[in-house]
């Protein structure tokens, strides 16, 4: 063990290190795109402003690329082996954000205009497609014997991702209560597909590219899926009780938009008297104003929805830890995974 | 040689036979989608009306799946080996039509509403993504040693496809004449990417899945690309001079929309006196009315644009034939390719 690894890295340091490792390959991949798509990619990745102007915007945390890198190292491989997988999952994540913003009509992303607001819907659809294609291509061209299995993993994750987005979109038209109401377990299925699949895929891809045995790949994949569900529960908590200064979104943003998220669904299914009052408030079906959103947040908390979402996050965090415990992994990488994972769940923005 | 193959099949018979061969796998693949996406896919593939109502709409010709099947047979393989490739290319074609209609604002497709008109833009973006993911997944899971190479082929074609669509969209904002005008060779590059890549990929995938040597795969890919450029030139001719009864589009439809297609660009670059009058007419930049569109069509013809597009189609058809001649292929499949390819170019709708 060298001196540099004896002091345990913090989660932000781990994320930074992985991002730096992957960055040259990411730049190279984006450079293979049509210039128009390269510009849209640079904007979406936070490397550039609109019209290619320099000055980076806020970048994503790079969770998926970090999971890929740590997955490879945990499987006893070299961090570099994970790079095509890390590039692929970050590109897929970026593609999905671009298309999701179109579908959800979200006008901002990381405190800047969403790509479709900045460049138009058609170009944003196409730029998303270009990143999707680039991700598949990057992984298909990965050297080493793990490539084909890695492509199969990515393909399955892509299928799950679009399934989760369909589930989420269909929740919108379902009632808050009574027959047809969205139940918490359906929400968990959606989150497993929409958020868990790509995080699970990221960790699995790294291991797969490093030639890990199937049991290790599966354990990392399952751990990543649990992290995804926990991550989504935290996202939902922040969408209601997050600090606008940190999240960059208005206070109670998910409630104002009447978004069906875990804390609300858990509250409504709790059988608590506050649940009926919450149901009446939400079923009025007009976007909530300041006062109504505050009242809804209070009722969700009273009915136990906030506590249920916190419990959901912690249960899936614990499940992820168990997955990492049940297979032999390189100790330093396992430690870094165990540093990173709770950080993602304890985040405030 | 059995009795059934001694009588040469016609092009429609070849297309029908290939469609029937691929159909069960296509149905199975679509059945793996989220029900919402399966419905959108069935609508887009012409199997169903909106809201899942039975009664099929007009289906595509299935050119891509036929090329995949014939590619496998030409390489000495079994038609069945091509099926995962045939499914993948048809799914990618369907995805690209769905997204292209959104980008181009085209409201109808095969005499029915475009998917985005029938289901909304967001759901259509997602349904396209779902078909894209399904295509990659179908090919990634293909049995046999040719799978990984086939995935690499598809990935490259996808990259070319989005590049071609970007080129095409950017043509819109360029002038008809002077510096910055779109030149015929740029149009050919766009068509090679946008139309040629997937047709080339289709033929190559079939051969690749059948275990063909690289020279055969390459020859079939190049042949398919040439067919694509020829196909696009014919599409452009039909977009101006096609019979609305057959094409299902209004007369002069591409001219009314001021679309930069090969006959127009060839006419404008011809140095003929009619080209200047055409330029003035088109540069007025208002969508053309009946009279102006007729006048533009006449000027294009006078300046030689129509003849140039016909020549373009025939040159690329001849080039495709040369590609098929320069490698050893199974004779019956080569004959069917040589029946199918001119049929695609001689079509009237």
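Do we find a residue being farther than 21 Å from residue B:319 by Cβ and part of a helix (DSSP H, G or I) anywhere in the range B:204-211? Break it down into steps so the answer makes sense when it comes.
First, the residues of the range B:204-211 that are farther than 21 Å from residue B:319 by Cβ: B:208-211.
Now drop any that are not part of a helix (DSSP H, G or I), which leaves B:208-209.
Yes - at least one qualifying residue is present in the range B:204-211.
Which of the helices (runs of 4 or more DSSP H) contained wholly in the range B:54-165 include at least 1 residues that are facing another protein chain (nearest Cβ under 9 Å) and at pLDDT below 95?
On the way: elements: B:63-74, B:83-104, B:115-119, B:121-140.
Once the helices (runs of 4 or more DSSP H) in the range B:54-165 are filtered for at least 1 residues that are facing another protein chain (nearest Cβ under 9 Å) and at pLDDT below 95, what remains is B:83-104.
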Where residue B:170 falls short, out of the listed (1) within 17 Å of the chain's Cα centre (by Cα); (2) within 14 Å of another protein chain (Cβ to nearest Cβ):
(1)
Single condition residue B:318 does not satisfy, out of (1) surrounded by fewer than 18 Cβ atoms within 10 Å (Cβ to Cβ); (2) more than 22 Å from residue B:231 (Cβ to Cβ)
(2)
Give me the residue from the range B:24-39 that is within 11 Å of chain A (Cβ to nearest Cβ) and in contact (Cβ under 8 Å) with a residue 24 or more places away in the chain and, out of that set, surrounded by the fewest Cβ atoms within 10 Å (Cβ to Cβ).
B:32
If you take the residues of the range B:230-253 that are modelled with pLDDT under 90 and part of a helix (DSSP H, G or I), which of them is nearest to residue B:190 (Cα to Cα)?
B:253
Look at the range A:171-196 and say how many of its residues are free of Cβ contacts under 8 Å to residues at least 12 places away in the same chain and either part of a loop (DSSP other than H, G, I, E, B) or in contact with a strand residue (DSSP E or B) (Cβ under 6 Å, 6 or more places away or on another chain) (or both).
4
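Among A:221, A:208, which is the only one that is more than 14 Å from chain B (Cβ to nearest Cβ) and under 27 Å from residue A:330 (Cβ atoms)?
Working: A:208 fails: more than 14 Å from chain B (Cβ to nearest Cβ).
Answer to the selection: A:221.
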Going through (1) within 18 Å of the chain's Cα centre (by Cα); (2) within 30 Å of residue A:144 (Cβ to Cβ); (3) surrounded by 24 or more Cβ atoms within 10 Å (Cβ to Cβ) one by one, residue A:229 fails only at (2)
Output the residues belonging to the range B:258-278 that are over 17 Å from residue B:168 (Cβ atoms) and surrounded by fewer than 19 Cβ atoms within 10 Å (Cβ to Cβ).
B:271, B:272, B:273, B:274, B:276, B:277
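Condition (residue is without any contact (Cβ under 8 Å) to a residue 60 or more places away in the chain and buried (at least 16 other Cβ atoms within 10 Å of the Cβ)) applied to the range A:282-289: is it met by at least one residue? Spell out how you get there, then give the answer.
Of the range A:282-289, the ones without any contact (Cβ under 8 Å) to a residue 60 or more places away in the chain are A:284-289.
Then keep just the ones that are buried (at least 16 other Cβ atoms within 10 Å of the Cβ); that gives A:288.
For the range A:282-289, residues without any contact (Cβ under 8 Å) to a residue 60 or more places away in the chain and buried (at least 16 other Cβ atoms within 10 Å of the Cβ): present.
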Single unsatisfied condition, residue A:214 versus (1) within 14 Å of another protein chain (Cβ to nearest Cβ); (2) surrounded by fewer than 24 Cβ atoms within 10 Å (Cβ to Cβ):
(1)
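The rows are residues; the columns are (1) touching a residue at least 12 places away in the same chain (Cβ under 8 Å); (2) surrounded by 24 or more Cβ atoms within 10 Å (Cβ to Cβ).
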{"position": "B:67", "(1), (2)": "yes, yes"}
{"position": "B:84", "(1), (2)": "yes, yes"}
{"position": "B:90", "(1), (2)": "yes, yes"}
{"position": "B:96", "(1), (2)": "yes, no"}
{"position": "B:103", "(1), (2)": "yes, no"}
{"position": "B:106", "(1), (2)": "no, no"}
{"position": "B:109", "(1), (2)": "yes, no"}
{"position": "B:115", "(1), (2)": "yes, yes"}
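Suppose the filter is in contact (Cβ under 8 Å) with a residue 24 or more places away in the chain and under 19 Å from the mean Cα position of the chain (by Cα); does residue A:21 pass it? Give the derivation first.
Numbers: in contact (Cβ under 8 Å) with a residue 24 or more places away in the chain: yes; under 19 Å from the mean Cα position of the chain (by Cα): no.
Taking the combined requirement at face value, the residue does not satisfy it.
The values are calculated or read from the model by the stated rules, or taken from the named source; none is laboratory data. Here the structure is a predicted model, which means the values were calculated and not measured. As a convention, Cβ positions derive from the backbone with ideal geometry for all residues, glycine included, and neighbour counts pool all protein chains shown.
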